[in-house]
Amino acid sequence: MKYPIAIEPGDDATAWGVVVPDLPGCFSAADNGIDDAIENAKEAIALWIEDAIANSETIPKPSCITELQKSGEYDGWIWAIAEVDPALVDDTIERINITLPRRILALLDRRAKSAGESRSGYIAHMTLMQ
């Protein structure tokens, strides 16, 4: 997924500001230039999407930069694309094979049972809690 981002240039005294117009409230900043601003925007987008999914909200599709530029809201800003892994919004079930020591597997199973979840459900739940 490729989201357009608007980057407000910074300098030695001011951070580079980043806004993701398609994702309300999604913004970021960087101290060390445009490359860091884009990387930080990718992280902000991923966190925004994770939060939206956790709250059962719809994930807006990315807009076209030229359409966003027409608003004039970010005149003088630099436009770029922040590409994030589409797996962030993919809920396709996938079977995996992992290797764990038996004692860890036993502990995992006890904790899953105590939480009233399956092994897979418990692993997913604990991952999302981070």
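Coordinate-derived values only; no laboratory data. Every value quoted in this text rests on a predicted model; they were computed, and no experiment measured them. So basically every Cβ, Gly included, is an ideal-geometry build from the backbone, and we count neighbours across all protein chains shown.
Dividing the summed -39500 (n - 2.57) terms of all DSSP H runs of n ≥ 4 by the residue count of the chain sets its mean residue ellipticity at 222 nm at -12000 deg cm²/dmol.
Within the straight-line cut-off of under 30 Å between alpha carbons, the lysines reachable from Lys61 are Lys2, Lys42, Lys70, sequence neighbours fewer than 8 places apart in one chain being disregarded. DSSP loop trypsin sites (Lys or Arg not before Pro) in the range 1-80 with at most 16 other Cβ atoms within 10 Å of their Cβ, which ones? Of the trypsin sites (Lys or Arg not before Pro), the ones in loops of the range 1-80 whose Cβ has at most 16 other Cβ atoms within 10 Å are Lys70. In order along the range 28-42, the phi-based Karplus estimate (6.51 cos²θ - 1.76 cosθ + 1.60, θ = phi - 60°) of 3J(HN,Hα) comes to 7, 7, 8, 8, 10, x, 5, 4, 5, 4, 5, 4, 5, 5, 4 Hz; Gly and Pro are listed as x. Residues of the range 1-36 with an amide N closer than 19 Å to a point placed 7 Å from the Cα of Ser63 along the Cα-to-Cβ direction: 1-9, 17-28.
On alpha carbon coordinates alone, what is the Rg over Rh value for the range 2-89, Rh being the Kirkwood radius? All intermediate terms of the calculation are to be shown ahead of the outcome.
Details: Rg = 12.8 Å, Rh = 13.2 Å.
A ratio of 0.97.
Around the Cα centre of the chain, unit charges on the Cβ atoms of Lys, Arg, Asp and Glu (plus for the first two, minus for the last two) sum to a dipole of about 1220 debye. Distant-in-sequence amide contacts of Ala80, defined by a placed amide H-H separation under 5 Å and a gap of 5 or more residues or a different chain, comprise Ile5, Ile7.
Simple spin-label estimate for Glu39 and Ile104 gives 2.9 nm between the two label positions (7 Å along the Cα-to-Cβ direction from each Cα).
Packing order of peptides 24-32, 108-116, highest average first: 24-32, 108-116 (average count of other Cβ atoms within 10 Å over each peptide's residues).
Summing +1 for each Lys or Arg and -1 for each Asp or Glu, what net charge is found among the other residues whose Cβ lies under 11 Å from the Cβ of Glu117? Walk me through the intermediate numbers first.
On the way: positive: Arg111, Lys113, Arg119; negative: Asp109.
Within the 11 Å Cβ shell, the charges total +2.
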